[in-house]
Amino acid sequence: MRIDVDLASDTVTRPTADMRRFMCEAEVGDEQKFEDPTVNLLCEMVAELLGKEAAVFLPSGTMCNEIALRVHARPGEEVIAHHTAHPINSETGGPAALAGVNVRAIDGPCGQFDAAAVEAAVRPSSRYAPRTRLLWVEQTSNHGGGSVWSLARLEAVTAVARRHGLATHMDGARLMNAVVARGVSARDYAAFFDSAWIDFTKGLGAPVGAALAGSRAFIEEAWRCKQQMGGAMRQAGIIAAGGVYALRHHVKRLAEDHANARRLAEGLAGLPGVKLDPSSIETNIVFFELTGALTAPVAVERLLARGVRMGASGARRIRAVTHLDVDAVGIERALAVARGVFTS
Ligand SMILES: Cc1ncc(COP(=O)(O)O)c(C=O)c1O
């Protein structure tokens, strides 16, 4: 099946020729022995970016989340997270299987919750209840439609957490999208959290890897989990170089992805049977609802048959994500195809 415009996810990007060249030429060493200069450089860059003492390079964002859970919480303890959070829905039960933690899923619009919701979710001390241990935030919120948490809201929810002695973690799979959309530094967003990470394989366009940051003691523990889970690598500089290149060259351009997402949303909103408010699009993720007879799985099948890939996210909900490998011309092409599918 030929895909002309792939809006299924921002994870579908392929490394550019310049990124590949940079990766090929990376200096390497034994990562497990801290002898890989490129991995070391990337960890220093991420620690500096997020304002933390140290960082560890990991194969994926999923491993960042799962390791953070294990370091912050003991089996039987509880983490508070929005019900759309990645570990709840897309990490194969990892919080239960790997960290042994309970998840208390809370609600709120656009993948976000407020301080009152956190306050209500913290368990009073009781022999019968799990001990609340950790507050979890996803910046931007994937299933919240790429929504950006404001500094004020982050400050408010983490203040409640701190008052109750909870640790705080930020899943920053798309943190750099928030940074570019709001002009707020990654360090300012991360300042409210004990641990935070960024993914190189989403909008940043690298083929592998993510980096988790926190205090030196936190990263030492994270390294123990990495080793135990088989995430420790050898000449990983080859892949870490993709992250170094991405941080140097692919951050500012995320603004193009946001403009493309807005244009896509404006075009889709004008089609019959599509419910979408383009002004709600803050970054690179566009969700829309179908209101007519057409269901989401059938619609995405018809789009795909015409070379445009989007994802069905429920019976009537579709997700489209913009990224490095889709330009403005691709967006117009996707809209032309969507017009055909939704008006036929
Ligand atoms: C919000 C969020 N967190 C974590 C992840 C996991 O990242 P990875 O695919 O690098 O494991 C994703 C991936 O889509 C995500 O969207």
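Some observations on this one:
- Using a Förster distance of 25 Å, the FRET efficiency for residue 152-residue 317 (Cβ separation, nearest 0.05): 0.30
- Estimated from the Cβ-Cβ distance and a Förster radius of 30 angstrom, the FRET efficiency linking residue 125 and residue 253 is about 0.05.
- Under 5 Å from the amide H of residue 104 lie the amide H atoms of 79, 80, 81, each residue being 5 or more positions distant or on a separate chain, with H modelled from the backbone and absent for Pro and chain starts.
- Estimated purely from DSSP H runs of n ≥ 4, each contributing -39500 (n - 2.57), the mean residue ellipticity at 222 nm for the chain is -12000 deg cm²/dmol once divided by its residues.
- Backbone geometry of region 320-337 corresponds, through the Karplus equation with coefficients 6.51, -1.76 and 1.60 at θ = phi - 60°, to 3J(HN,Hα) couplings of 10, 10, 8, 6, 3, 9, 10, 9, 4, 5, x, 5, 5, 5, 4, 5, 4, 5 Hz, x marking Gly and Pro.
- Taking amide H positions as modeled 1.01 Å from N, with prolines and chain starts lacking one, the residues under 5 Å from residue 198 and 5 or more places away or on another chain are 211.
- Stretch in the chain that is longest and holds no GluC sites (Glu not before Pro) that DSSP places in a loop and that have at most 15 other beta carbons within 10 Å: 54-344
- In region 19-115, the chymotrypsin sites (Phe, Trp or Tyr not before Pro) that fall in loop regions by DSSP, at most 15 other Cβ within 10 Å: 34
- With each label modelled as a point 7 angstrom along the Cα→C-beta vector, the residue 293-residue 328 pair spans 3.8 nm.
- Difference of contour (0.36 nm per residue) and Cα-Cα distance, residue 116 to residue 271: 52.0 nm
- For region 17-249, the fraction of alpha-carbon pairs lying more than 29 Å apart is 24 percent, rounded to a whole number.
- Taking the square roots of five times each eigenvalue of the Cα gyration tensor of region 221-344, the equivalent ellipsoid has semi-axes of 35, 18, 13 Å, listed largest first.
- Stretching the chain fully between residue 216 and residue 339 yields a gain of 39.0 nm (0.36 nm per residue, less the alpha carbon separation).
- Under-5 Å amide H pairs with residue 138, H placed in peptide plane, nonlocal only: 171
- Gap separating the Cα centres of region 252-297 and region 20-66, nearest whole Å: 35
- Within region 58-138, trypsin sites (Lys or Arg not before Pro) in DSSP loop having at most 13 other beta-carbon neighbours inside 10 Å: 127
- The 3J(HN,Hα) values that the Karplus relation (6.51, -1.76, 1.60; θ = phi - 60°) gives for region 57-64 are, in residue order, 7, 10, x, 7, x, 4, 5, 4 Hz. Gly and Pro appear as x.
- Those chymotrypsin sites (Phe, Trp or Tyr not before Pro) in region 121-155 that DSSP places in a loop and that have at most 13 other beta carbons within 10 Å: 128
- Under Karplus coefficients 6.51, -1.76 and 1.60, residue-wise ³J(HN,Hα) of region 289-301 in Hz, glycine/proline x: 9, 9, 10, x, 6, 5, 9, 4, x, 5, 4, 5, 5
Each value in this text was obtained by applying a stated rule to the coordinates, not by laboratory testing. Keep in mind the model is a prediction, meaning the values are calculated, not measured. Neighbour counts run over all protein chains shown; Cβ positions are idealised from the backbone, glycine included.
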